[in-house]
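> Quick one: the structure is below, and I'll ask about it shortly.
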Amino acid sequence: MTPWRQLARHLANPLLVLLPADAGVAGIALYAAAWLRFGFDLDQAHATLGGSIAPRAAGFALCVVVGLLTMGLYRARQRPTAAECVARVLVGVVIGGFGYVLLFYLIPYLNTGRLTLAVAMGLCFVALSGLRIALLQVLDNNTAKRRVLMIGSGRVASKVGMLRRRSDRRRFDVVGFVPGSAAERTYAEKRGMGPLLAPETDLEALVFDEVVVALDDRRGVFPTDQLLRHRYVGIEVRDIVDFLEHETGRIDLDVLHPGWLIFAASGHSRWGYRLCKRLFDLIFATGLLVASAPLAVMAAAGIWLEEGPGAPLLYRQRRVGRGGRVFELFKFRSMRVDAEQHSGPQWASGKEDARVTTTGRIIRRFRIDELPQLVNVIRGEMSIVGPRPERPEFVEKLTAHIALYDYRHCVPPGLAGWAQLNFPYGASVEDAAEKLKYDLFYIKNTNFLFDLFIVMQTVEVVLWGRAVSMAGPRPADPASHGREPGAVSLAAGKKRDVA
C-alpha cells in the first residue's frame, strides 16, 4: 500500500478528520477575534493581554472540542441532518465557551476578555457549522475507504450486507464476497449479495486492504495458506466478530463462536482500573448530587403538586448488581400511585406509557428521575458507567432465553452506559438481546477513557431529551422504539419498572 493510500484511508475515520479540523478552526477563531478586537493589530493584542495568543487559542480549542464531544459530534456512526448539525455545534461551542471561562478563572494568564471570547465563539460557530456539514459529506463519499475482501458469502457474511446505512459503511467498501461452498454461493445469489466473485477470479489481482473471514462452516474449507500469504505482505486479516465489533460498536451474538470472549482481552478485572473507577464514582456522584439538588427539589415539588403532598416521592425496586447480588434501586416516582391497579405489572414502554404522570414524563425525558441512584453509586451498589441493572425476575428469564446474558453482571451496573447511548427503551427478549450486544462491547473494551467518553456523551442525551444518542437508532429504524412482529414480551405475570 502506498503512503498516499494509507493517508487517504484515514479520511474514513471521523475522529482523525473532524477533531483536528475543529481544533484548528477554534484556534484560528480566537486569533481572528483578537485581531478584530484590537484594531487589526495582533501586536497590540499581545501587549494588552500580557502574553502570546497561542496558549489562549490552544485552551479555547480544547474547550470547544470537549463541548462538541459532549454533543456526540465525534461518533463514527453519527448521522445528523444539517439543522441538527448546526444546533449541536451551537450548543457545543456554548459549552466550550463556558468551559473556557472556568479555565481562565483557574489560570488567569489565559484570560482573553469577554468581548474577544464572545466574538471567537460567534466566528467559531459559523465556521464549524459549514465545515462540519462539508466534512461529513466528504466522509460519506470518500473513495479512499478501506477495501475489504470477504471470505464467505453465507449467513455469517450477510451480516455485513445488513449494514445498509451510509454511516454504518462510512469506513469501508466491500471489494467482493468469496463463497466458501456451493451452499454459500446459492445463499448469496438468492439474496442478491454482491459483488460475488466467481471461482476463477484471481484474488491476487484485486486491490484490497483487509480480509475478513466470514465462513458459515470453517471445517475443511478454511484457506490457511491464502490468509498467511495476505498477512505476509501486510494485509490485515480479521475474524467477522472483530470486524463487526469495530464497525458497529457492539458484539454480534449471532456470529459469536464459542471461546471468543474467553480469549478476548478486557480490562474490567484489573485492580488499578477498578480502584480508579471507584474513586471516580465517589467524587463524581457526590459532586453531582450536590449540584443537582435544585433539580431534585423541583422534581419533588412537581410530584407533590400533581398528586398531593402525601404522595410518595421515591420508590425502591430490587435490581441485580455485580456478581448477581440483589440491591434496592432508588428513583423519583414517575408513574401514578395506582399504575398497576387495573392493568397489573407490565413493562415500562417509554414516553407513550399511559401510566406516566405529567411530571414523570418531564423528569424521565431529561433523566431527572434517576438522580436518586447517585445514592446507590455512593453506597457501591452501582457505578456511574455500566450496564443498566435489571429486576431479578427478568434476569432469570432473560438468562434462560439469551446466551451470555449473565455475563453482563461481571461489572457493576451503571447510571449511564454504552447500551443506553445506543439503544432506547426495551420491552422484549429481542430488545434485551440487542442491548446485550452493546453491554458486551463495553465490558470487552472497558477502560477509564471509555467511561469518560460515555459520561460526556450522556450530556447529549440529557440535553436533547432523547432516548438514545445521535448515532443510535432513529424512530424509523427497525431497532428503534417498539417491537418487531413476533417479539417475545416478558411482561406476563411479572413486575417491571412501575414508577
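> If you go through the stretch 414-433 one residue at a time, do you hit one that is closer than 19 Å to Asp168 by Cβ, at pLDDT below 95 and among the charged types (D, E, K, R)?
no
> Quick one: in the stretch 434-468, of everything that is closer than 29 Å to Ile362 by Cα and outside any helix (DSSP H, G or I), which residue is modelled with the highest pLDDT?
Top of the filtered list is Gly465.
> From Ala47, Ala23, which residue is at pLDDT 95 or above, closer than 21 Å to Leu117 by Cα and either out of contact with any Ser or Thr (no Cβ under 9 Å at 6 or more places or on another chain) or assigned to a loop (DSSP other than H, G, I, E, B) (or both)?
Going through Ala47, Ala23 in turn, just one is at pLDDT 95 or above, closer than 21 Å to Leu117 by Cα and either out of contact with any Ser or Thr (no Cβ under 9 Å at 6 or more places or on another chain) or assigned to a loop (DSSP other than H, G, I, E, B) (or both): Ala23.
> Just the residues that are in contact with a helix residue (DSSP H, G or I) (Cβ under 6 Å, 6 or more places away or on another chain) and either in a loop (DSSP other than H, G, I, E, B) or of a type in the set (Ser, Thr, Tyr) (or both), please, taken from the stretch 389-417.
Thr399, Ile402, Tyr405, Val411, Pro412, listed by residue number.
> So, Gln420, is that one surrounded by 21 or more Cβ atoms within 10 Å (Cβ to Cβ), of a type outside the set (A, V, I, L, M, F, W, C), assigned to a helix (DSSP H, G or I) and in contact with a Leu (Cβ under 8 Å, 6 or more places away or on another chain) or not?
The answer is no for Gln420.
> Pick out, from the stretch 194-281, the helices (runs of 4 or more DSSP H) lying fully within it that include 3 or more residues that are within 14 Å of Ile151 (Cα to Cα) and at pLDDT below 90. I'd like the intermediate steps shown before the answer.
Values: elements: 224-232, 240-248, 260-263.
It comes to 224-232.
> Filter the stretch 349-365 for residues that are buried (at least 16 other Cβ atoms within 10 Å of the Cβ) and either of a type in the set (Val, Ile, Thr) or part of a loop (DSSP other than H, G, I, E, B) (or both); which is modelled with the lowest pLDDT?
For the stretch 349-365, the residue satisfying everything is Ser349.
> Further, regarding this structure: Answer yes or no: is there a residue in the stretch 200-211 that is surrounded by 19 or more Cβ atoms within 10 Å (Cβ to Cβ), free of Cβ contacts under 8 Å to residues at least 40 places away in the same chain, of a type outside the set (D, E, K, R) and in contact with a helix residue (DSSP H, G or I) (Cβ under 6 Å, 6 or more places away or on another chain).
Scanning the stretch 200-211 turns up no residue that is surrounded by 19 or more Cβ atoms within 10 Å (Cβ to Cβ), free of Cβ contacts under 8 Å to residues at least 40 places away in the same chain, of a type outside the set (D, E, K, R) and in contact with a helix residue (DSSP H, G or I) (Cβ under 6 Å, 6 or more places away or on another chain).
> Checking Ala188 against (1) among the hydrophobic types (A, V, I, L, M, F, W, C); (2) assigned to a helix (DSSP H, G or I); (3) surrounded by fewer than 17 Cβ atoms within 10 Å (Cβ to Cβ), which single condition isn't satisfied?
(3)
> Is it the case, given these coordinates, that Glu210 is acidic (Asp, Glu) and touching an Asp or Glu at 6+ places or on another chain (Cβ under 6 Å)?
yes
> Residues being without any contact (Cβ under 8 Å) to a residue 12 or more places away in the chain and not aliphatic (A, V, I, L, M): count how many of those fall in the stretch 296-315.
Total satisfying the criteria: 4.
> When residues of the stretch 435-449 are filtered for being without any contact (Cβ under 8 Å) to a residue 60 or more places away in the chain and either surrounded by fewer than 20 Cβ atoms within 10 Å (Cβ to Cβ) or not charged (D, E, K, R) (or both), how many remain?
Going through the stretch 435-449 one residue at a time, the tally reaches 2.
> Looking at the stretch 285-316 only, could you name the residues that are not polar (S, T, N, Q) and not in a helix (DSSP H, G or I)?
Within the stretch 285-316, Gly308, Pro309, Gly310, Ala311, Pro312, Leu313, Leu314, Tyr315, Arg316 qualify.
> Considering Glu340, Glu328, which residue is surrounded by fewer than 20 Cβ atoms within 10 Å (Cβ to Cβ) and either closer than 22 Å to Val468 by Cα or modelled with pLDDT of 95 or more (or both)?
Sole residue among the options that is surrounded by fewer than 20 Cβ atoms within 10 Å (Cβ to Cβ) and either closer than 22 Å to Val468 by Cα or modelled with pLDDT of 95 or more (or both): Glu328.
> Within the bounds of the stretch 141-148, is there any residue that is under 27 Å from Leu452 (Cβ atoms) and not basic (Lys, Arg)?
No, because not a single residue in the stretch 141-148 is under 27 Å from Leu452 (Cβ atoms) and not basic (Lys, Arg).
The values are calculated or read from the model by the stated rules, or taken from the named source; none is laboratory data. Keep in mind that this is a model prediction, so the values were computed, not measured. Don't worry about glycine lacking a Cβ; one is built from the backbone with ideal geometry, like all the others, and counts go over all protein chains shown.
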